Amino acid sequence: MATYNNIFKIRHNDLLPDKGSILISEPFLQDAYFQRSVVLLIDHNANGSMGFVLNKKTNLVINDFFSDLEKLSGIPIYLGGPVSPNRLFFIHTLGHLIPDSLKISDNLYFDGDFDILKQYILDGNTIKGKVKFFLGYSGWTEGQLGSEINEDFWVVSHSIADILVAEGESCWRHSLEILGKRYKNWINYPRDPSMN
């Protein structure tokens, strides 16, 4: 009889994480934050790493927290990770318009002057596909992420479908498909094997 280890266990792909890289969780991870998650690294250096889970949308919208936005169409908030869960963060493509934005990669930025962004929204500009909001972030201390990758908790990718609209398990599946047929078994692994 074939076992879990030799059917589904796939070693990491030896790509090194860096700012702007994508982390894709292995399918056996049962953590509430990271199960079938896709994480964008916004910083990675010798001291640690920081990123946002891209595909876990909450039931919350920005409009509920800012009275001047409450009459606008709902702007979703995603669950960025377990660290600072009450703090709001955002990534965006508006670095040329939002002062104090930090560049992640070509045409992708982190945070900046929220009041300027809010005014941009109030002026009637669409932010769909341009801005994504998160509560909390995902963080790793010095050497922690490297250890998790070596233990095959994550596979690293340098490409993903549109980061700013990606959501749900389909984002996780599609991110693995981009990596090729080597990860087909991961895609087919049931979320709850006991129900299979």
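We did not get these values from a lab; they are worked out from the coordinates using the rules stated. Quick caveat, the model's predicted, so the values are computed rather than measured. Cβ coordinates were reconstructed from backbone atoms using ideal geometry, including for glycine residues, and neighbour counts include every protein chain displayed.
How would you rank K118, K71, going from fewest to most other Cβ atoms within 10 Å of each one's own Cβ? Please report the intermediate quantities before stating the final value.
Working: K118 14, K71 7.
With the sparsest Cβ surroundings first, the list reads K71, K118.
Any idea what Rg and Dmax come out to for the stretch 103-144 if you just take the C-alpha atoms, in Å?
13.7, 44
How far, in degrees from 0 to 90, does helix 168-179 lean away from the longest principal axis of the Cα atoms of the chain, to the nearest 10?
The angle comes out near 60 degrees.
In debye to the nearest 20, how big a dipole does the stretch 47-196 give about its Cα centre with +1 on each Lys and Arg Cβ and -1 on each Asp and Glu Cβ?
480
In units of 2.2 N^0.38 Å, what is the alpha-carbon radius of gyration of the stretch 26-75? Numbers along the way, then the final one.
Values: Rg = 15.4 Å, N = 50, 2.2 N^0.38 = 9.7 Å.
Scaled against compact globular proteins, the figure is 1.58.
Over the Cα atoms of the stretch 116-169, Rg to Rh with Kirkwood Rh, two decimal places?
Over the Cα atoms of the stretch 116-169, Rg/Rh equals 1.13.
Once you put a point 7 Å from the Cα of N185 and another 7 Å from the Cα of L16, both along the Cβ direction, what distance in nm separates them?
Distance between label points: 2.9 nm.
Determine the dipole magnitude for the stretch 118-186: charges of +1 sit on the beta-carbon of Lys and Arg, -1 on that of Asp and Glu, nothing else is charged, the reference point is the Cα centre, and the result goes in debye to the nearest 20.
Value, rounded to 20: 340 debye.
Quick one: among L15, L54, L117, which has the greatest mean-square fluctuation in a GNM of the chain with alpha-carbon springs under 10 angstrom?
Of the options given, L15 has the highest mean-square fluctuation.
Cα atoms only, the stretch 54-196: Rg and Dmax in Å?
Gyration radius and largest Cα-Cα distance of the stretch 54-196: 17.3, 51 Å.
Arrange the following residues from fewest to most other Cβ atoms within 10 Å of their Cβ: V39, V53, V61, V165. Provide the component values of the computation, followed by the final result.
On the way: V39 27, V53 22, V61 16, V165 12.
Final ranking by Cβ density, sparse to dense: V165, V61, V53, V39.
For K71, list the lysines whose Cα falls under 29 Å from its own Cα; do not include residues on the same chain fewer than 8 positions away.
Once the sequence-local lysines are set aside, what remains near K71 is K56, K57, K118, K128, K130, K132.
For T126, T58, what's the fewest-to-most ordering of other Cβ within 10 Å of each Cβ?
The most exposed by this proxy come first: T126, T58.
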